[in-house]
Each structure stands twice: as structure tokens, then as C-alpha cells.
Amino acid sequence: MVLKTLSDLKRLVDGSPMKKLVLAAAQDQHSLGAIIKAWKANIVEPIFVGDRDGILSVCESNNYDISGLRIIHEPDTEMAVETAIKMVSSKQADILMKGKVGTSILLKAALNKDWGLRTGNLLSHIALFEVSTYHKVIAVTDVAMNIAPNLKDKIAILNNSVACLNNLGYKMPKVAVLGAVEMVNENMEATLHAALLSKMNQRDQIKNCIIDGPLAFDNAVSLESAQFKGIKSEVAGDTDILLMPDIEVGNVLYKSLVFFAKAKVASIILGATVPIVLTSRSDSEQAKFDSILLAAAASKW
Ligand code: COD
């Protein structure tokens, strides 16, 4: 099965038992709105950790009824994050979600050696986009956690994202490893990594996917563009996963898709003991809801 739209994620969680989701620094309008929608759809049972007055004030101004739901009062942001993560570590919650707190504060806490959510694997971010100009959902990784991944990190990022898509129902997702050009250029490290990753895939060192690279963005998403340049590739024009060279390229692509192409997005951190809903603070309520759907699907495996 291939996801055509992000709402296809709903089918993957329908009928499953509700997951316990803890929102860290919960005084955040879009996060609260998305969670209440997911709670009413029987997808998650929320717990809010943060400033009680702030949470109640957001709920009152937006007519969110959270009576009966648990609030843990913790006005200090870093303590709220720590409390939320400890609830996950002690198995009181199945999903962690970032509220009104900076990304690096939450990620550093998730990596805490004593009470964090490490598994021994690399943690990485995946974002699924629904763009009206592409024929299916396309995943982009890593745009938010690993800053300048080396080859070893890229193998781990690929393995995380391929396992995610395999679990969502893709048998052999097609991966494009992006560069600025489609030829190997010894001065462009991204193209060297891409060539190595493709060869490792051919030799079955990276499994359950088809990898090609280096591909420039146009060849990855447009067959016509690849044919025009004479590139023969099983992946070109039909990519499921775009592997980014680094966080800057990834983050700019993410924001361009959302702001210019009006794409819908769902994003989480993979590789931790539980899925972490990690959207940008400026992301819409819809993006946060779709990310909760993705996390709920991910928490089943
Ligand atoms: N997975 C597993 N372990 C990791 C990872 C990872 N992705 N990254 C670091 N670690 C481990 C290291 O092995 C080490 O043991 C420890 O964590 C600390 O490593 P540092 O010193 O390299 O990492 P930190 O704590 O300084 O920073 C980790 C962050 C994830 C916070 C950092 O990489 C970061 O700031 N990423 C970008 C976050 C961001 O600003 N995103 C914005 C886009 S919206």
C-alpha cells in the first residue's frame, strides 16, 4: 500500500486501542487543538504537562473542553519536558509530543542518558508531505534533528525511515539520495555518500528499499526531467523517501513545501523508545493532528 494522502494514515489507526500521549509544555494552542480533535476521534488519551493557568487560558479562549483530562502543573519549561519524558520512560505514556518549547531543548532531554528515550539507535526525524503537484505522499528525512550526518549516520537515518515506511505498508520504498547534481563529483560530499549508499543497497547492506543517488531534486520527483537528462533510474519520478544531505537543505525544503506549495505535513522522531511528535511551532493544527496520527500508527510497531 502507498499513501496517497495524509488522511490515509487514519485507516492505519482506526479500531486500535487509544494511545496515551503526553504533551510537554502544553500551553500551546495548535497542539491542544490537535490533541483534542485526536482525543474525540478515540486516537489518543492525552496528559498535559505545563503551566496550568496557561493551558486553561488557551482552552477557554478557544472553547476547548478538557474537563476530566489530566493536567500536571509544571510552570518551568525544562522541568515540564523532563516530567513528560519521565512519564514515557516509566511507561505511563506511549507517545511524547512537543508543545511550547524549543526543538533542541526537547531533543537534548530525549537524549538524556539517565532518564531519556535512547534505544542505542540513532534518533532521526521524518516528515511526510502531501503536495498537490506529486502523485503520492513523499517522505523527507532528516530535516530537524541530525545537523550534518556522516555516512554512518545516513545509513541509520535511512534504516529508520525505511522501517517506518515498511511498517506503514510499503514493501520496497524508493529512496532518492539527494545532491546538487546527479553525477558523482569528488568535491561534493553528498554525491559521494549517495553513490556509496546506492552500492550498499545493491549489495543488500541496506535492505527493504530501492536506493538511487546521487539524484538532483528535479530528477527525484520528475520522470520527464530525468529522461531529459538521460538518467535511467528505477527511483526517478517515483520517489517515496528523499534523503537530505544536511539539516539546512532539509529544513529549507520543508518550509518551502509548506509555505510556497501549501503542502500538508506530518512529522515525528524515529528511533527513540516511543514516537515523538515534533512539529515546528509555526505548524498548523492540521499538521499537528496528522503528526499525531503518524505517531499513533508508529507506536503500534
Ligand atoms: N541519536 C542518538 N544519539 C544522539 C543523537 C541522535 N540523533 N545526537 C546526539 N546523540 C548523542 C551523542 O552520541 C552523545 O552521546 C549525546 O547525544 C550528546 O551529543 P551532542 O553533544 O552531539 O548533542 P547535543 O546534545 O549537543 O545536541 C543534540 C541535538 C539533537 C539537540 C542537536 O543535534 C541539535 O541541536 N539538532 C538540531 C535541532 C534543531 O534545532 N532543529 C531545528 C529544526 S526545526
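Computed from the coordinates by the stated procedures, all read-outs in this text should not be read as laboratory data. Since this is a predicted model, take the numbers as computed values, not measurements. All Cβ positions, even for glycine, are placed from backbone atoms using ideal geometry, and neighbour counts span all protein chains on display.
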Net length gained if the chain between V252 and R52 were fully extended (0.36 nm per residue, minus Cα distance): 68.5 nm
Could you give me the ³J(HN,Hα) list for segment 58-69, computed from phi with Karplus coefficients 6.51, -1.76, 1.60 and θ = phi - 60°, whole Hz, x at Gly and Pro? 4, 5, 5, 5, 10, 6, 8, 9, 10, 4, x, 8
Restricting to Cα pairs under 8 Å and 6 or more apart, the percent relative contact order of segment 175-301 works out to 20 percent
Any residue on another chain or 5+ positions along whose placed amide H is under 5 Å from the amide H of L117 is listed here as L111, N112
Select from A220, W301, T133 the residue farthest towards the positive end of the dipole of the chain; place +1 on Cβ of Lys and Arg, -1 on Cβ of Asp and Glu, and compute about the Cα centre. W301
Relative contact order of segment 25-142 (C-alpha contacts under 8 Å, at least 6 apart) in percent is 21 percent
So what are the ³J(HN,Hα) numbers for segment 266-279, from phi and the Karplus equation (6.51, -1.76, 1.60; θ = phi - 60°), rounded to whole Hz, Gly and Pro as x? 10, 9, 9, 9, 9, x, 8, 5, 9, x, 10, 6, 10, 9
Ratio of Rg to Rh for segment 17-103, alpha carbon only, Kirkwood? 0.93
Pairs K229/K255; K86/K136; K232/K288; K4/K86; K113/K174; K19/K262: which are spaced more than 32 Å apart, C-alpha to C-alpha? K86/K136; K232/K288; K4/K86; K113/K174
Among DSSP beta bridges lying fully in the chain, give the percent that are antiparallel, nearest 5. 30 percent
Mean residue ellipticity (222 nm) of the chain, computed from DSSP H runs ≥ 4 via -39,500 (n - 2.57), nearest 500: -12000 deg cm²/dmol
Can you give the relative contact order of the chain as a percent, counting alpha carbon pairs under 8 Å and 6+ residues apart? 23 percent
